[in-house]
Amino acid sequence: MRVAVLAVQGAFLEHENMLKKLGVSVMELRRKQDLEQSFDGLILPGGESTVQGKLLRELGMYQELKERIHAGLPVLATCAGLILLAEELSNDEKVHFGTLPVTVRRNAYGRQLGSFYTEEEFKGIGKIPMTLIRAPYIEKVSEETEVLAVVKEKIVGVRYCNQIGVSFHPELNAHPGIHKMFLEMLA
Ligand code: GLN
């Protein structure tokens, strides 16, 4: 089993380290040619979604990844990654992959609560650490989208078919729960 991590910007190394700790083979997606190698799942890391979206298009990876996600490639998207997947952004016109039927608000916690740490229930895992950094939250989900976690009355974790999206950064804490859940989806 091999997992590809989008490695054009943001916190991709931390995801790679987590996957390696879990004994999974990892590869980086940095340019179009990397898509020729085979992989079973994809991680879209946190960072800056505007920059990531722009680079994905400039590097010629956007269309193929979009089609593969649409066709069922398992994806774990964290923070900016969640923004890349969202079908609709309530405070931004620029939609990226648009494969996850949810509405996401960028930088949603405002200035004061811009970044914070909490521990909350995540469905199917239990209480886990959550680090939110200028994080988005999910304002609306389609009927088929399962809500997996809520923080301060806002949705921060969902699953829809092959796509898991979370507002926080599971790769920045030692708890492997989210990555394990993703790997179970690949198995
Ligand atoms: N604020 C960033 C964005 O809008 C996301 C922040 C993050 O990934 N930690 O893309």
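Place a +1 charge on the Cβ of each Lys and Arg in the stretch 12-93 and a -1 charge on the Cβ of each Asp and Glu, then give the dipole magnitude about the Cα centre in debye, rounded to the nearest 20.
Its charge dipole is roughly 280 debye.
Please list SER90, SER167, SER38 from largest to smallest accessible area, probe radius 1.4 Å, with all protein chains kept in place.
Largest accessible area first, the list is SER38, SER90, SER167.
Along the principal axes of its C-alpha atoms, what lengths does the stretch 30-187 span, in descending order and rounded to whole Å?
Its Cα atoms span 40, 35, 31 Å along the three principal axes.
Kirkwood hydrodynamic radius, computed over distinct alpha-carbon pairs, for the stretch 114-178: how many Å, to one decimal?
After inverting the pairwise mean of 1/r, the radius is 12.0 Å.
Within the P(r) computed for the stretch 13-105, what percentage of the Cα pairs occupies the region above 19 Å?
So the portion of pairs separated by more than 19 Å is 39 percent.
Past 32 Å, Cα to Cα: identify those pairs from LYS20/LYS140; LYS154/LYS180; LYS54/LYS140; LYS32/LYS127; LYS32/LYS154, in the order given.
LYS20/LYS140; LYS32/LYS127; LYS32/LYS154
In the stretch 48-182, if the dipole is taken from +1 on Lys/Arg beta carbons and -1 on Asp/Glu beta carbons about the Cα centre, which of GLY72, LEU82, ALA174 is farthest to the positive end?
ALA174
Can you grab the distance from the C-alpha centre of the stretch 111-133 to the C-alpha centre of the stretch 19-83, Å, no decimals?
Using only Cα atoms, the two centres lie 23 Å from each other.
What number comes out for accessible area per residue over the stretch 30-117 if the probe is 1.4 Å? Units Å², please.
47
The values are calculated or read from the model by the stated rules, or taken from the named source; none is laboratory data. On a predicted model such as this, the values are computed, not experimentally measured, just so you know. Glycine also receives a Cβ, built like all others from the backbone with ideal geometry; neighbour counts cover every protein chain displayed. Side chains included, ligands, DNA and RNA excluded: accessible areas come from the protein's heavy atoms. Shrake-Rupley method; radii C 1.70, N 1.55, O 1.52, S 1.80 Å.
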